[in-house]
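Colleague: Please see the structure below; I have some questions.
The values are calculated or read from the model by the stated rules, or taken from the named source; none is laboratory data. Everything numeric here is computed off the predicted structure, so don't read it as measured data. Positions of Cβ are backbone-derived with ideal geometry, glycine not excepted, and every protein chain shown enters the neighbour counts. These area figures cover heavy atoms from the full protein model, side chains too; ligands, DNA and RNA do not enter into them. Shrake-Rupley method; radii C 1.70, N 1.55, O 1.52, S 1.80 Å.
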Amino acid sequence: MPTYHRATWVDAPLDEVWDFHSRVAGLTELTPAVANLEVGTVTGPDGETDPEILEEGARIEMSLRPFDVGPRQSWTSIITDREADLDNGRAYFRDVMEDGPFPEWEHTHRFFENEAGETLVDDRVVYRLPGGPLGKVAEPFGGLGFEPMFYHRHRTTKAHFEQ
């Protein structure tokens, strides 16, 4: 399956960057306005609604309407893995699309801190485009469509911490 990747250094400590990315508020701040994201129900692994932290097992039901064109697209993601080893300068979580516009979508968010106290934000998405055979033909170019969104995510993370 095709993979999209983007990594950016942020001049901020891992614990702060990790905390920001672990919350629904971080998700909404990092999503470009043109996506018109609406977060619906967020459920924690224990069934608690609106958990403060997106732990492993959390479920996020949202919808998007890019550029205000067409109907809203539902998107449900599940946090399938989450591990933080802040003492050793690394953390990650993975969300998988359970329901949405892509037949397959697995997004791994990784974070690494260097000796200078900077954090590498590393996003990797393994995906399959919709459209059956036509989507399969377009998959090598799918990353081009993701580039503006992930550029925004990384630029916004830097701006959040490097003001």
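Colleague: Please report, to two decimal places, log10 I(q)/I(0) for the range 53-145 at q = 0.13, 0.18, 0.20 Å⁻¹ as given by the Debye formula with identical point scatterers on the Cα atoms and no solvent.
Modeller: Taken in order of the listed q values, log10 I(q)/I(0) reads -0.58, -0.94, -1.05.
Colleague: Mind checking the angle between helix 142-161 and the chain's longest principal axis? C-alpha axes, 0 to 90 degrees, to the nearest 10.
Modeller: Approximately 30 degrees, to the nearest ten.
Colleague: Would you kindly state the longest site-free stretch of the chain, with sites defined as GluC sites (Glu not before Pro) in a DSSP loop (not H, G, I, E, B) surrounded by at most 10 other Cβ atoms within 10 Å?
Modeller: Segment 1-114 is the longest.
Colleague: Still on this structure: Among the trypsin sites (Lys or Arg not before Pro) within the range 6-92, which fall in a DSSP loop and have no more than 16 other Cβ atoms within 10 Å of their own Cβ? Working shown, then result.
Modeller: Numbers: sites: 6, 23, 59, 72, 82, 90; in loops: 23, 72.
Sites meeting the loop and neighbour criteria: 23, 72.
Colleague: Could you order 120, 86 by accessible surface area, starting with the largest, using a probe radius of 1.4 Å?
Modeller: Descending accessible area places them as 86, 120.
Colleague: Roughly speaking, what is the stretch gain from residue 124 to residue 85, that is 0.36 nm per residue apart minus the C-alpha to C-alpha distance, in nm to one decimal? Numbers along the way, then the final one.
Modeller: Details: separation 39, 0.36 × 39 = 14.04 nm, distance 1.93 nm.
Once the chain is fully extended between residue 124 and residue 85, it gains 12.1 nm.
Colleague: If r is the Cβ-Cβ distance from residue 46 to residue 104 and R0 is 22 Å, what FRET efficiency results, to the nearest 0.05?
Modeller: That gives a FRET efficiency of 0.20.
Colleague: Let me ask another. Quick one: accessible area per residue over the chain, 1.4 Å probe, rounded to a whole number of Å²?
Modeller: 54 Å²
Colleague: Ignoring ligands, DNA and RNA, what percent of the accessible area of the chain is carbon or sulfur (1.4 Å)?
Modeller: Working: 4540 of 8800 Å².
About 52 percent, which is the carbon plus sulfur part of the accessible surface.
Colleague: Can you tell me, using C-alpha contacts under 8 Å and at least 6 residues apart, the relative contact order of the range 1-108 as a whole percent? Please report the intermediate quantities before stating the final value.
Modeller: On the way: 179 pairs, mean separation 19.5, N = 108.
Averaging sequence separation for qualifying contacts and normalising by length gives 18 percent for the range 1-108.
Colleague: Efficiency by 1/(1 + (r/R0)^6): what FRET value for residue 162 and residue 134, r their Cβ-Cβ distance, R0 = 41 Å, to the nearest 0.05?
Modeller: Given R0 = 41 Å and the Cβ-Cβ separation, E is 0.50.
Colleague: Quick one, what does Rg over Rh come out to for the range 1-109 if you take C-alpha atoms and the Kirkwood Rh?
Modeller: Across the range 1-109, the Cα-based Rg/Rh ratio is 0.97.
Colleague: Report the accessible area of residue 111, computed with a 1.4 Å probe over the heavy atoms of all protein chains in place, in Å² rounded to the nearest 10.
Modeller: 0 Å²
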